Amino acid sequence: MAGTVTALKAQRTKDRVNVYLDGEFAFGLALIHALWLKLGQKLSDEDIAQLKAADTLEKAQQRAVDFIAYRPRTEREVRQRLKKAGADDETIGSVTARLRDAGLLDDEAFGKAWVESRSRANPRSRRMLAWELRQKGVGEKDIQAALEGVDDEEAALRAAQRRWPKLKSLEPRERRRKLTEFLARNGFDFQTIESVISKVESSDDGDEFQTLDD
């Protein structure tokens, strides 16, 4: 396949270039790699193999960057996405290493952001948060760092506070059952649930409880 570069034509995406050797289309390259080529340049089979390998890595890296641009991802998620796209282990390893070095892949930061988001929007127990992070591929050390400062009773109170307006009109026994089920689904243990419900029920129709976030 060795030959002489006779044309370099931009693709529709503008960031890729079609390379022609001896008047025939040979392969496509990312613009960053095509910039090193010039008309009349002779390419050996080894040169072409190196260019294609670099292009494969570039495409995989761009795919990974696009993937994490939508929302933060763990390293496992990125690896799985690249594997699904057909990237080999060496390419995946190179891409994830580059992204880690650039600060774009950070499982510890991901874990902390995940816990903060959950705690703000839908408080859950430490146990459930840890399970969710494990499912994402976050390691135990990073999970423990993310959960530092998370208190189950405080989180359960916030969760119950958000739920209380929907249950306040129910008969007391039904209200207790519904609130118990809700907190259990969010991973809180029996002792924590009982403590939180006692605080709710001991307040004046929940008025004191409802002001916890004030």
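The values are calculated or read from the model by the stated rules, or taken from the named source; none is laboratory data. What you see is a predicted model; the values in this text were computed from it and never measured. FYI the Cβ positions are ideal-geometry reconstructions off the backbone, even for glycines, and counts take in every protein chain you see. These accessible areas exclude ligands, DNA and RNA; they are computed on the full protein's heavy atoms, side chains included. Shrake-Rupley method; radii C 1.70, N 1.55, O 1.52, S 1.80 Å.
If I go through the stretch 115-145 residue by residue, how many of them are open to solvent by less than 50 Å² (accessible area, probe 1.4 Å) and more than 23 Å from Val196 (Cβ to Cβ)? Give the steps one after another, and end with the answer.
From the stretch 115-145, those open to solvent by less than 50 Å² (accessible area, probe 1.4 Å) are 115, 119, 122-125, 128-130, 132-133, 136-139, 142-143, 145; that's our starting set.
From what's left, more than 23 Å from Val196 (Cβ to Cβ): 133, 136-139, 142-143, 145.
So the answer is 8.
Which one of Leu157, Leu183 is modelled with pLDDT of 95 or more, in a helix (DSSP H, G or I) and not β-branched (Val, Ile, Thr)? Answer to the check: Leu183.
Here Thr96 fulfils each of the conditions (1) free of Cβ contacts under 8 Å to residues at least 12 places away in the same chain; (2) within 22 Å of Glu140 (Cα to Cα) apart from (1). Among the residues in the stretch 30-37, are any touching a residue at least 12 places away in the same chain (Cβ under 8 Å) and in contact with a Gly (Cβ under 8 Å, 6 or more places away or on another chain)? Looking through the stretch 30-37, none of the residues is touching a residue at least 12 places away in the same chain (Cβ under 8 Å) and in contact with a Gly (Cβ under 8 Å, 6 or more places away or on another chain).
Being surrounded by fewer than 13 Cβ atoms within 10 Å (Cβ to Cβ), assigned to a helix (DSSP H, G or I) and out of contact with any Asp or Glu (no Cβ under 9 Å at 6 or more places or on another chain) is the filter here; which residues of the stretch 160-180 pass it? Matches in the stretch 160-180: Pro165, Lys166, Arg173, Glu174. Give the stretch 17-48 a look and list any residue that's at pLDDT below 90, open to solvent by less than 90 Å² (accessible area, probe 1.4 Å) and of a type outside the set (A, V, I, L, M), or say none. Answer for the stretch 17-48, where residues must be at pLDDT below 90, open to solvent by less than 90 Å² (accessible area, probe 1.4 Å) and of a type outside the set (A, V, I, L, M): just His33.
Screening Glu90 with (1) open to solvent by less than 80 Å² (accessible area, probe 1.4 Å); (2) closer than 23 Å to Met1 by Cβ gives one miss only, at (1).
The lone criterion from (1) of a type outside the set (Asp, Glu); (2) under 17 Å from Leu104 (Cα atoms); (3) open to solvent by 80 Å² or more (accessible area, probe 1.4 Å) left unmet by Thr74 is number (3). Pairing residues of the stretch 49-69 that are within 11 Å of Ala30 (Cβ to Cβ) and aromatic (Phe, Trp, Tyr) with residues that are in a helix (DSSP H, G or I) and open to solvent by 30 Å² or more (accessible area, probe 1.4 Å), at Cβ distances under 7 Å and at least 6 apart in sequence or on separate chains, gives no pairs at all. Does Val150 count as assigned to a loop (DSSP other than H, G, I, E, B), free of Cβ contacts under 8 Å to residues at least 60 places away in the same chain and surrounded by 16 or more Cβ atoms within 10 Å (Cβ to Cβ)? So Val150 fits the description; yes.
Pairs meeting the criteria (first residue in the stretch 1-27 and under 18 Å from Gln41 (Cα atoms), second residue part of a strand (DSSP E or B) and of a type in the set (Lys, Arg), beta carbons under 6 Å, at least 6 apart or on different chains) are Thr4/Lys42; Asn18/Lys9.
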